[in-house]
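Throughout, read-outs are computed from the coordinates displayed, never taken from laboratory work. Values in this document were obtained by computation on a predicted structure and should not be read as measured data. No Cβ is skipped: glycine too gets one built from the backbone with ideal geometry, and neighbour counts run over all protein chains shown.
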Amino acid sequence: MRIVFVTRHLTNGGAEREVVAFANALVQIGQDVCIAYHHNIGIDYTLDSRVQTFWQRNSKVRIPKLRGLCNIILSIRQLRGLSGDVLISDNPSLDRNWRIWVATLFTKTRMVYAVINNVEKKYPEKRRRKQHERTCRLADAIWIQTGEQRKFLPVYVQEKTFVVRNILDSKFLHMKKTYRREIIHFISVGRLHPQKNQELLIEAFARMLKRLGNDKATLTIYGKEKEDIPGTEEVLRGLIRKYHLEERVFLPGWVKDIEARYAQADAFAFGSDYEGLPNALMEAMASGLPCISTDCSTGPSALINSWENGILVPVGDVEGMSHAMQYLIENPQQANRMGRAARQRMREWGSPEEIASQLLNQLRDICSRQCHRK
């Protein structure tokens, strides 16, 4: 089977990381895989040499009124020329997905739309929500990561959905983890964006320090903001200055060797307002870290049983996050127990090849049946 992932780019981001992870795992089990991307701004992840890549170039026509039309025609021709049995899109843009849909007309190629977030929270604007709903109508099938995501989709497309969870890189399970006598160094991982609500983490950390008078604890937030949504880093640095935490809270940006940072940390904190299935939380749990997460829909509750293999706190609850951090500091033995249980939970998750095989079975089923687009 030839599987083509159509994505925006292959730089820092959870969706992009999963595209690469599935592409690598699918070629490992003998499939023909291509990744087509719109923006040629580099590749931050390691691709198996057997995975093909294709940069969707724009037209060179200089006349503005013709350029847009030529871009559409060229894009459709490029997508059709990739000869995929399945085209998988993770982009909610109706314009991009309309092109994919047209490229599949009068062919045996199927279109799959990968919904990677809680769409109710991700697209609050009416215009964006309509785009998403129309994309759902165009697709032959809709790929979601948790069953909980289904309830946020229009009822009339829910029958198209199938669940295949995210791939976890096994390197996190193979890391040597030293359990600590003290819980001092907290980390968080994720792009700097209002969705991730790193402001909550800084506020909670500041309150915890004030209560405990702790002179050792640190919080490091790894990630960078996207160029099209600037401003979050400036807000976070303003909070750090406000609470005089320049020597306690750090924003080093995005790093490639994130597994080494997990190994050096004592605990993980995650403050998102909404998610799909958070890769960073999965990786932290696999690394054996005691984890605190907001109980946002969707994702964290599919991973954490609160007070067994981590701690869930209500979304936006600064005081709850602060007291959870304090609990881990004051109860290192319990924190280590949660970390061991978290790693065991992720050991049972399934290998990349097993999860890729689940996706492959779903795609074969989609290709074998007559799909009716609504």
Between the alpha carbon centres of the range 190-204 and the range 63-103 the gap in Å comes to 35
Mean-square fluctuation maximum in Gaussian network of the chain, Cα pairs under 10 Å, restricted to Asp273, Asp95, Asp257, hits Asp257
Nearest 10, in degrees from 0 to 90: the angle of helix 64-81 to the longest Cα principal axis of the chain is 90
When the charge dipole of the chain is computed with +1 on Lys and Arg Cβ and -1 on Asp and Glu Cβ about the Cα centre, the Cα farthest towards its positive end, among Leu236, Gln264, Phe250, belongs to Leu236
Placing each pseudo-label 7 Å from Cα in the direction of the beta carbon, Thr53 and Arg129 end up separated by a distance in nanometres of 3.8
Checking Arg181, Arg261, Arg165 against a Gaussian network model of the chain (alpha-carbon springs below 10 Å), the top fluctuating residue turns out to be Arg181
Label model pair Asp257, Ile73: point-to-point distance (7 angstrom along the Cα→beta-carbon line) in nm is 5.2
One finds the C-alpha centres of the range 215-244 and the range 292-352 to be spaced, in Å, by 22
Rounded to 0.05, the calculated FRET efficiency for the beta carbons of Asp95 and Arg347 at R₀ = 56 Å is 0.85
In the chain, taking the dipole from +1 charges on Lys and Arg beta carbons and -1 charges on Asp and Glu beta carbons about the Cα centre, the listed residue (Gly13, Val313, Ser188) farthest towards the positive end is Gly13
Measuring from its Cα centre, the chain shows a charge dipole (+1 at each Lys and Arg Cβ, -1 at each Asp and Glu Cβ) which, in debye to the nearest 20, is 1420
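Using the Cβ atoms and a cut-off under 11 Å, what net charge is assigned to the surroundings of Thr232, where Lys and Arg are +1 and Asp and Glu are -1?
+1
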In a Gaussian network model of the chain with springs linking alpha carbons closer than 10 Å, the residue among Ala114, Ala141, Ala263 that fluctuates most is Ala263
Proximal lysine pairs in the range 112-168, meaning Cα under 15 Å and 8 or more positions apart or interchain, come to 5
With the 8 Å Cα cutoff and a minimum separation of six or more residues, the range 203-350 has a relative contact order in percent of 23
By the mean-Cβ-within-10 Å protection proxy, highest first, 74-87, 291-304, 342-355 rank as 291-304, 74-87, 342-355
Helix 332-347 sits off the longest principal axis of the Cα atoms of the chain, rounded to the nearest 10 on a 0 to 90 degree scale, by 20
For Lys226, the aspartates and glutamates lying under 19 Å Cα to Cα, once residues fewer than eight places off in the same chain are dropped, come out as Glu16, Glu18, Asp44, Asp90, Glu199, Glu234, Asp273, Glu275
Placing +1 on each Lys and Arg Cβ and -1 on each Asp and Glu Cβ in the chain, then taking the dipole about the Cα centre, the residue among Cys136, Ala286, Gly30 whose Cα reaches farthest towards the positive end is Cys136
So, relative contact order of the range 150-270 in percent, Cα under 8 Å, 6 or more apart, is 35
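Where the only charges are on Cβ atoms (+1 Lys, Arg; -1 Asp, Glu), what is the dipole of the range 170-347 about its Cα centre, to the nearest 20 debye?
The calculated dipole for the range 170-347 is roughly 740 debye.
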Diffing the range 232-244: the Karplus 3J(HN,Hα) column from phi (6.51, -1.76, 1.60, θ = phi - 60°), in whole Hz with x for Gly and Pro, holds 5, 4, 4, 4, 5, 5, x, 5, 4, 5, 4, 9, 6
For the chain the mean separation of alpha carbon contacts under 8 Å (6+ apart) over residue count, i.e. relative contact order in percent, is 17
